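Shown next, in structure tokens, is the structure this report addresses.
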Amino acid sequence: MRNVRRFTTFLAFCAFLFVGVVLYAGNSQPTGFKAGGIQVATIQSDEISVPAEFRVALYENLVRQLEKQGFEHVYRDGDRNSAGVPNLVILHSTVRQFKPGSEKARQVTTVAGATSIRVRCQFTDRDGHALLEQDVTGKVRFFGGNLRATYDFAKKAKPYRV
């Protein structure tokens, strides 16, 4: 009787272990892709009105952060030097959500005045085939100006998970 109980306990343990391994393997994310350079397309905000200073700050912070991440070449939209680059990756960004905050409200209290922006980032090859798609959120909650949310977004927009 004791051996049967041990055997069923062992079988249950093996089943849980197997299910855990299968679930863990199913959640694997792509680790990245080989890129000769990356071209950053203009930030789109078709459905949502985003102030011009936010669009410019999003674009500039994104270019700056991609350069820091170690890409050999980061090209801006319309750059003719990107024409002959092999394995060029193009980053298309579309603003999905924008909540303007208040710097004054953040200075007075810690629960009000947060600025947040959610952007859909799509990394494609030259032919338009999607290599990676992800939603990235940038927020500023406590300290800093409203444009700090664009810096937070740019730090998180990576073509691979680190």
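The values are calculated or read from the model by the stated rules, or taken from the named source; none is laboratory data. Predicted model only: the values in this text are computed from it and were never measured. Using ideal geometry, Cβ is built from the backbone for each residue, glycine included, and neighbour counts are taken over all protein chains shown.
When VAL89, VAL95, VAL85 are checked against the criterion of being surrounded by 18 or more Cβ atoms within 10 Å (Cβ to Cβ) and part of a loop (DSSP other than H, G, I, E, B), VAL85 stands alone in meeting it.
Only a single criterion out of (1) at pLDDT 75 or above; (2) over 24 Å from GLY78 (Cβ atoms) is not satisfied by VAL108, namely (1).
Confirm whether ILE117 is β-branched (Val, Ile, Thr) and modelled with pLDDT of 90 or more.
Here the answer is no, as ILE117 does not meet what is asked.
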